[in-house]
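For reference, the structure discussed in these notes is given below.
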Amino acid sequence: MKKSVKEALQGRLDSGKKCYWVLLDPDDFSLKEASRVAAESQACGANALLVGGSLIYSNHFDQFVLTLKENASIPVILFPGDATQLSRHADALLYLSLVSGRNPANLIGEHVKAAPVIKDFGLEPISTAYMLVESGTVSSVEFMSNTRPLPRNKPEIAAAHALAAQYMGMSMVYLEAGSGALKSVPPEMIKMVRAFVDIPIIVGGGICSSADAVEKLNAGADIIVTGNILRKENGLELMKEIAAVVQQFTN
Ligand code: 1GP
């Protein structure tokens, strides 16, 4: 039987390897660009493609996901900002609870709306504790969710949130500085979360170089996410470098 996305991911992490995921916001790419970026991301060594955004105003979401599936064989995982960002063409979705905030819509409300659609589409939900970390400016997630991020110099608060999420049965923790963050998630915070939880830790937001990625991996991250670098002139080169250090990393 084919392994689920989560089983395949866990198998990779259990063998001591790390993962690199590339995030694509459907607003940033035409379908033609998406097909090229999907193939290039896979060629660079990305382990999965994430699709989503805090606010999406383009109307090609479903077709966008299908285009990625048609042009890459790595899993396409939804990273939805709300219950409207669903597609039957994806392999799985991060069933994100914004546990750093106290907005019931982002803790359970959108999940209730999405659940019957997820079942109907046969999508694999991966329950994920989404934790927004203060990063120097107001992020789209902060504004759209109307929640406050975790203070970046209080790793113990982040660790307590992550542990609570693990105790509640969530499968992964996502430490998020926000797309295009000026300051990425501090290593001290990743270290403390790592010391508290056994579940995989995803880190994203403001990671722009292989050195940034290595810093997060050394601190205990399992999965590195980048999005914005794709829009830089040398984005492809940066992606290759990040993919290389993630693939070669050993504890
Ligand atoms: C944002 O963590 C992701 O949700 C990626 O952030 O776009 O800054 O790489 P960047």
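On the basis of being more than 16 Å from the ligand (Cβ to nearest atom), surrounded by fewer than 22 Cβ atoms within 10 Å (Cβ to Cβ), over 13 Å from the mean Cα position of the chain (by Cα) and within 18 Å of Ile229 (Cβ to Cβ), does Gln42 make the cut?
Yes; evaluated as a whole, the condition is true for this residue.
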| Restricted to segment 217-240, and to residues that are farther than 20 Å from Ile126 by Cβ and within 14 Å of the ligand (Cβ to nearest atom), which residue is surrounded by the most Cβ atoms within 10 Å (Cβ to Cβ)? | Met239
| Taking the stated definitions as given, is Ser58 in a loop (DSSP other than H, G, I, E, B) and more than 18 Å from the chain's Cα centre (by Cα)? | yes
| task | Considering each residue of segment 119-143, count those that are within 16 Å of Gly205 (Cα to Cα) and open to solvent by 30 Å² or more (accessible area, probe 1.4 Å), and give that number. | result | 7
| Which one of the conditions (1) crowded, with 22+ Cβ neighbours inside 10 Å; (2) within 14 Å of the ligand (Cβ to nearest atom); (3) outside any loop (DSSP other than H, G, I, E, B) does Ala158 fail to meet, given that it meets all the rest? | (2)
| query | What about Ile190, is it in contact with a strand residue (DSSP E or B) (Cβ under 8 Å, 6 or more places away or on another chain), within 15 Å of the ligand (Cβ to nearest atom) and without any contact (Cβ under 8 Å) to a residue 60 or more places away in the chain? | reply | yes
| note | Scanning segment 135-153 residue by residue, those touching a residue at least 24 places away in the same chain (Cβ under 8 Å) and part of a loop (DSSP other than H, G, I, E, B) turn out to be Ser135, Gly136, Thr137, Ser139, Asn146, Thr147, Arg148, Pro149, Arg152, Asn153
| query | Taking segment 81-118 as the search range and keeping residues that are under 21 Å from Ser30 (Cβ atoms) and open to solvent by 20 Å² or more (accessible area, probe 1.4 Å), which one is modelled with the highest pLDDT? | reply | His89
| query | Limited to segment 140-150, what total is found for residues that are within 17 Å of Ala129 (Cβ to Cβ) and not basic (Lys, Arg)? | reply | 6
| field | Count - residues of segment 165-194 that are within 15 Å of the chain's Cα centre (by Cα) and open to solvent by 50 Å² or more (accessible area, probe 1.4 Å) | value | 1
| message | Whether any residue in segment 195-207 is surrounded by fewer than 18 Cβ atoms within 10 Å (Cβ to Cβ), in contact with a Lys or Arg (Cβ under 9 Å, 6 or more places away or on another chain) and not β-branched (Val, Ile, Thr) is what I want to check. | response | no
| said: Which pairs turn up if I take residues in segment 221-241 that are under 24 Å from Glu188 (Cα atoms) and look for partners that are of a type in the set (Lys, Arg) and within 14 Å of the ligand (Cβ to nearest atom) with beta carbon separation below 9 Å, at least 6 apart in sequence or on another chain? | reply: Ile224/Lys216
| said: Within segment 15-37, does at least one residue satisfy the condition of being within 20 Å of Thr226 (Cα to Cα), open to solvent by 30 Å² or more (accessible area, probe 1.4 Å), within 16 Å of the ligand (Cβ to nearest atom) and aromatic (Phe, Trp, Tyr)? | reply: no
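The values are calculated or read from the model by the stated rules, or taken from the named source; none is laboratory data. Nothing here was measured: the structure is a model prediction, and the numbers come from that model. Quick reminder, even Gly has a Cβ in these numbers, built from the backbone with ideal geometry, and neighbours come from all protein chains shown. The protein model used for the area step is the full one, side chains on, heavy atoms only, and it has no ligands, DNA or RNA in it. Shrake-Rupley method; radii C 1.70, N 1.55, O 1.52, S 1.80 Å.
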